[in-house]
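The values are calculated or read from the model by the stated rules, or taken from the named source; none is laboratory data. Not measured: the values here are computed from a predicted model. Positions of Cβ are backbone-derived with ideal geometry, glycine not excepted, and every protein chain shown enters the neighbour counts.
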Amino acid sequence: MEEEAIEYPDGFRYGFDKQFSKMSRFVITGGKRLKGELCPQGAKNEALQVICATLLTQEEVIITNVPEILDVLKLIELVEGMGVKVERLARGEFAFCASDIDFRYFETEDFYNKAVSLRGSIMILGPLLAIHGSGVIPKPGGDKIGRRRLDTHFLGFERLGATFEYDALNGCFKAFATKLKGNYMLLDEASVTGTANIIMAAVLAEGVTTIYNAACEPYIQQLCLMLNSMGAKISGIASNLLTIEGVKKLHGCRHRCLPDMIEVGSYIGLAAMTRSEITIKNVNIRQLGLIPDAFRKLGVRVEERDDDLYIPRQEHYMIEDFIDGSILTVSDAPWPGLTPDLLSVFLVVATQAKGSVLIHQKMFESRLFFVDKLIDMGAKIILCDPHRATVIGQNHESQLRATKMTSPDIRAGIALLIAALSAKGVSSIHNIDQIDRGYENIDVKLNAIGADIKRYM
C-alpha cells in the first residue's frame, strides 16, 4: 500500500500527542529556487519563560504570538495538569489563570513523565518556590547537546534562602524555602534559564535581590518587562546587573512574544544556500543582535527594509577575512554575542561560500557532530574537536548530494533541512519531531514559497 504524505494546510491543531512521532520524516526534493515572504513565529525560548511566569499570579494572563510547537505545547499541557486554566483564544493566543494550582499533582507519575521530557520544565521551580515555598522537578530532558548544568539555578535559590536536595532514586530535584529573602548574588555563568528562574523566584521575595552576571538576552528582557507590567519592580533590564525589589503580589497582564530570531536566522541561511529571493517580515531588527552582520561576514547580502529583512538572490557569496588576513572565525557567546543556536546554520551556509571559515561552538559540546551527514553530502569540513570545525567552501561549484539523515536535535535538524533543500536529488530526514520542537509548520511555510517537502508519519 502506497504511503501518503501528510499535509496541514491550516497548521497543527492545539495538542501534540497525536501530531508527532519519532517515526515521522521529511522527504525533500532539493535544488529548487524559492521566492516569497516568510513570517517568523513567536520566540520559543521566550514563550517557555513567560508561560512559567503565569504561575506567579492568580489573575488571568494573556500571551499572544505563542509558537504552537512541540516544546511549548508540552509545557502548556504540563501547567494544565497543575490546575492552571488554559484557554486557546486564537491561533498563537492563550489565556492562563493559575488561581487553583493542585500541588498534589507534583507527586503523580503524569507530572514526572511530562516534566522529564521537556528541558524548559525546570523553570516552573522558581515560581513554585515563590508562591508555595517548595517545588519538585525531575531531571529535565531536551536536546542531547552536551552538559547543560543546573547549578546556576540552585545556587541562586540558595542565595534567596532555599534549600534543595537531589532524590537519586527518583531522579528528582526538590527545593524548600520557609521564606525567600532578597540577596546579592554573582552568578557562576550567564545562564538564560537560570537567570529567568531566579528572577521569577525573587520578584515575590522579601527585600532587594541583586543579580550580577545575569543573562541579558531579549528573552530575559521580555520576561522582565512582562513581570513589571504585572506589578514587579525590576531595574537594569537589558544589562547583566539586575535589581529586583520584592513585592507582595502580582496581577494579570497581556504580553506579546517577540519574533523568533533563530527562525529569522534560519531563513537567511536558507535563502543563501538555495540561491533564493526571500523577504522575512516583521523581524524586530533591533533584537536580532549580531545575526545579520554575521551572515554578511559570510558574504550573504542582508538588506533592512523598515522592520523586514530582504535577502536577494545570490549566485555566489564570499567569506570575509579578518583585517590582518587571517581566516574568519565565527563563534558563539552570551548575549549580546552571537547565539549558539545558529552556528549549525552558519556552518551549512559556509559549505557553499567562497573561502574558508572556522566555526567555534564554545558554549556546548557535541553540537557539531552532525557534520558527518554534511560530509556524506559532499561538504568539505574538518571536524577539529567537539567544539571546532573548519569549513572549506565550494562556491556553489559542487552541489551537495541528496542522502538519508536523522535529526539529532532542533538546530542540527534545521541545518540538515537547509542542506537537503539545496542538494541535488531526493533526501529524507527522520526523527523530525526534533525539528517540530522548535519550528512551527516549517514544511507548510517553505512549500508555500516553492519548496518540495513531504511529511510522512
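Values computed for the structure shown
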{"read-out": "Residue tally, condition part of a helix (DSSP H, G or I) and at pLDDT below 95, over region 414-434", "value": "2"}
{"read-out": "Residue within region 437-453 that is without any contact (Cβ under 8 Å) to a residue 40 or more places away in the chain, buried (at least 19 other Cβ atoms within 10 Å of the Cβ), closer than 29 Å to Gly42 by Cβ and of a type in the set (A, V, I, L, M) present", "value": "yes"}
{"read-out": "Considering residues of region 58-86 that are charged (D, E, K, R) and assigned to a loop (DSSP other than H, G, I, E, B) only, the residue nearest to the chain's Cα centre (by Cα)", "value": "Glu68"}
{"read-out": "Given (1) surrounded by fewer than 17 Cβ atoms within 10 Å (Cβ to Cβ); (2) on the phi < 0 side of the Ramachandran plot, index of the condition Asn282 fails", "value": "(2)"}
{"read-out": "Residue match in region 179-187 (condition: surrounded by fewer than 16 Cβ atoms within 10 Å (Cβ to Cβ), of a type in the set (A, V, I, L, M) and modelled with pLDDT under 85)", "value": "no"}
{"read-out": "Matching residues, region 54-94, being touching a residue at least 40 places away in the same chain (Cβ under 8 Å) and either outside the structural domain of Met226 (by TED's automatic domain parsing) or among the β-branched types (Val, Ile, Thr) (or both)", "value": "Thr54, Thr57, Val61, Ile62, Ile63, Thr64, Val66, Ile69, Val79"}
{"read-out": "Options Pro218, Pro259: the member that is at pLDDT 95 or above and touching a helix residue (DSSP H, G or I) at 6+ places or on another chain (Cβ under 6 Å)", "value": "Pro218"}
{"read-out": "Complete set of residues in region 305-352 that are under 15 Å from Arg411 (Cβ atoms) and among the acidic types (Asp, Glu)", "value": "Asp332, Asp341"}
{"read-out": "Listing of strands (runs of 3 or more DSSP E) fully contained in region 191-286 that carry 2 or more residues being among the polar types (S, T, N, Q), without any contact (Cβ under 8 Å) to a residue 60 or more places away in the chain and assigned by TED's automatic domain parsing to the domain that holds Thr178", "value": "208-212"}
{"read-out": "Some residue of region 216-224 being among the polar types (S, T, N, Q), under 29 Å from Ile69 (Cα atoms) and either in contact with an Asp or Glu (Cβ under 7 Å, 6 or more places away or on another chain) or crowded, with 17+ Cβ neighbours inside 10 Å (or both)", "value": "yes"}
{"read-out": "Residue ID - nearest to Lys248 (Cα to Cα), chosen from residues in region 157-175 that are in a strand (DSSP E or B) and at pLDDT below 90", "value": "Ala175"}
{"read-out": "Residue check, Phe111 at pLDDT below 95, within 24 Å of the chain's Cα centre (by Cα) and not in a strand (DSSP E or B)", "value": "yes"}
{"read-out": "Number of the condition not met by Val72 [criteria: (1) more than 30 Å from Ile311 (Cα to Cα); (2) crowded, with 24+ Cβ neighbours inside 10 Å]", "value": "(1)"}
{"read-out": "Scope region 123-151; condition modelled with pLDDT of 90 or more and among the β-branched types (Val, Ile, Thr); matching residues", "value": "Ile124, Ile131"}
